[in-house]
1. Tell me the angle of helix 16-29 to the major Cα principal axis of the chain, expressed in degrees between 0 and 90 and rounded to the nearest ten.
2. Which angle from 0 to 90°, rounded to the nearest 10, does the C-alpha axis of helix 87-97 make with the longest principal axis of the chain?
3. Could you compute the FRET efficiency for residue 120 and residue 96, with r as their C-beta to C-beta distance and R0 at 22 Å, rounded to 0.05?
4. What do you get for Rg/Rh over region 6-81 if you use C-alpha atoms and the Kirkwood form of Rh?
5. Run the helix sum for the chain: -39,500 (n - 2.57) per DSSP H stretch of 4+ residues, divided by residue count, reported at 222 nm to the nearest 500 deg cm²/dmol.
6. In cubic angstrom, how much convex hull volume per residue do the alpha carbon atoms of the chain span?
7. Would you work out the charge dipole size for the chain about its Cα centre, treating the Cβ of every Lys and Arg as +1 and the Cβ of every Asp and Glu as -1, and quote it to the nearest 20 debye?
8. Taking the simple approach of a point 7 Å from Cα along Cα-to-Cβ for both residue 138 and residue 12, what is their distance in nm?
Amino acid sequence: MIDTVVVATDGSASVQRAVDVALDLATRFDAEVHALYVIDESEVDGSPEELRDELRDALEEKGQDALDAVRERTDRELVTDVREGRPAVEISNYAREVEADVVATGTRGRHGEHRFLLGSVAERVVRSCPVPVLSVRQLA
């Protein structure tokens, strides 16, 4: 039985199919849906110190936009959260916290053009998440 579905989004076009699959899965099982956006702390920490607060604010706004995009794709109740940290770690921790039954993620996100196979975040989530991970490939 699937009672809780977490969908990890970075707001990219490639994750939209994963969002659709996660929402369909949740509908079929009448499951609670959580959408999660993670601000990559390495992006913030790697920027000049005087720009970090501004960058963090911009990334949080981008995260809210990504979560709003998920919200627009469903009429189901949606729990959302924006976190900051290492994306794969935060996704896995969030899945534990909400006792998720499955995590859905796209296989290519912001850094997809530089990766083979799943992509760095998706691959790390598959390897570290305590619950099953549904990795959804973007169709051409």
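1. With rounding to tens, the tilt is 30 degrees.
2. So the inclination is approximately 40 degrees.
3. That pair, residue 120 with residue 96, gives E of 0.60.
4. 1.07
5. -13500 deg cm²/dmol
6. 102 Å³
7. Computed about the Cα centre, the dipole is about 840 debye.
8. Simple spin-label model gives 0.6 nm for this pair.
Bear in mind that the values in this text are calculations on the coordinates, not laboratory data. Nothing here was measured: the structure is a model prediction, and the numbers come from that model. Positions of Cβ are backbone-derived with ideal geometry, glycine not excepted, and every protein chain shown enters the neighbour counts.
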